[in-house]
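Reviewing the structure listed below.
The values are calculated or read from the model by the stated rules, or taken from the named source; none is laboratory data. In this text the structure is predicted, and so the values were computed from the model without any measurement. Don't worry about glycine lacking a Cβ; one is built from the backbone with ideal geometry, like all the others, and counts go over all protein chains shown. Areas reflect the complete protein model, heavy atoms only, side chains present, ligands, DNA and RNA absent. Shrake-Rupley method; radii C 1.70, N 1.55, O 1.52, S 1.80 Å.
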Amino acid sequence: MHRLTTRQSRAFAVTATAGALILAGCADDEDEGGTDAPESEQITQEDIDAAMTTETNLTFWTWVPDIQNQVDLFEAEYPAIDVEVVNVGQGAPHYQKLRTALESGTGAPDVVQIEFQHLPSFLLGDHLLDLAPYGVGDIAGDYAEWIWSQVSEGDAVYAVPQDTGPMGNLYREDLLVEAGIDVPTTWEEFGEAARTYREANPDSYLTNMPGNDPGQFVGLLWQAGARPFGYDGAETVTIALDTPEVAKVIDFWNSLVQDDLIGVDPDFTDQWYQGLANGRYASWQTAAWGPVFLQGTAGNTSGLWRAAPLPQWEGAEAAGNWGGSTDAVVETTPNPIAAAQLALWINTEQEPALKFATEQFLFPASQKILEDSAFLEQEAEFYGGQQVNKEFADISASVVPDFGWLPFMDFAYSSFNETLGKAFAERTDLNDGLIAWESELEDFATAQGFTVE
């Protein structure tokens, strides 16, 4: 799901982002939401009990397959609440329709799924309800610091985490053994292994780094301690792509790309799917949603893959994150209590939250699910009986906190594809691509009225 956002066109990115920024400058003529409780006041249990026993209709926009199962459990718990689940699309179509509804003032859902990187663009226009007064702030301790920081700002909480994408390394054990290569534990070892593997296998690569998927590369920047993006919630954005942390990642991949030691095929294409299935790529540095995805893509290689942490830079063990989403409440909802309880309940109650992890295979954000034996102890036949969920749960604990985003990540990602991503795809100097990417982001931010730090 998160990967689809990388396929947005530049035209849509500019239009959608500009729309979001225009919305930010428009004051609401009237408050359509909050009819059952004022946003600024702490909601009592009595308020919640009254709202949840009042006949109420909610609309929930989400792309999660079979999420009706969780909604059915919610409606059984609260028979007075009727929830209509609507899938308006994934990636670009989802956000475009949401922005259109918000701009027009009609047709917006009560509860909506939003990926981590897109939350700031909706905060920019004050379109998301602060859920802290509705009891959501009380669950902060149920999440790792890095996850909670994605949905909160100070005491305010703007969404309930649903799933995440801590990054690890999936690799073909048989191919590495055949090439006499140990699983790399450092990036230096990984670079050496890429060269050794390529020399032994002229028609294949140790891995593939696509130019059309900024989410993966940004996750690797995250792991390295880079903080390329930031937003103060008002008029200032941070664009920091000229730091030592970014440089070490760029320099590392630059030599591998230009020496033809790794593949640069676009991902989530037929060629890429075939590469995973036929051994063209011996590993994939991916997120926690990757193991299940790979099973459906390369089923003929069952039993040959294994999971491990990403190779490490110097210092404490660290991971980045690629993907992850939340459920947020739109500020205009006429039923904020019921909407907040829906977002909270399906993601924090044991039965629906565990279903997300074990039936829909979303990698859990909740610590109690990450520690649940029903999730941790599953043995994956595709990975030789390895407890892959446990491997990624351990990886999740090492994700570096405090990674920020721009309020126009759709543009940032489409710009990546035409600058740094293009340098990957064409095997040209990544430093030139990086400079072009940073320049485009700064120009766009300035044109939209932001101050750039």
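Structural remarks
- 23 Å Cα cut-off, lysine pairs counted over the chain (separation 8 or more, or different chains): 4
- A dipole drawn for the chain from +1 and -1 charges on Cβ atoms has a positive end, and of T59, F217, L406 the residue lying farthest that way is F217.
- Projected-area average for region 276-422 over all orientations - Cα convex hull basis, square nanometres: 11.9
- Annotation: region 349-453 has a Kirkwood hydrodynamic radius of 17.3 angstrom, from the mean reciprocal C-alpha pair distance.
- Solvent-accessible area, 1.4 Å probe, carbon plus sulfur percent, for the chain: 46
- For the chain, averaging the sequence separation of C-alpha pairs within contact (under 8 Å, six or more residues apart) and dividing by the residue count gives a relative contact order of 27 percent.
- Accessible area (Å², per residue) of region 289-396, counting only protein heavy atoms and a probe of 1.4 Å: 35
- Student exercise, the chain dipole from Lys, Arg, Asp, Glu Cβ charges, in Debye to nearest 20: 1640
- Cβ charges +1 (Lys, Arg) and -1 (Asp, Glu), total dipole of region 73-152, debye: 380
- Dipole magnitude of region 297-417 about its Cα centre (Cβ charges: Lys, Arg +1; Asp, Glu -1), debye to nearest 20: 180
- Helix-only mean residue ellipticity at 222 nm for the chain, each DSSP H run of n ≥ 4 adding -39500 (n - 2.57), per residue, nearest 500: -12500 deg cm²/dmol
- Computed from Cα positions, the angle between helix 187-200 and the longest principal axis of the chain comes to roughly 50 degrees.
- Considering only beta bridges that DSSP places wholly inside the chain, some 65 percent are antiparallel.
- Built amide H within the under 5 Å cut-off of A240, gap 5+: F229
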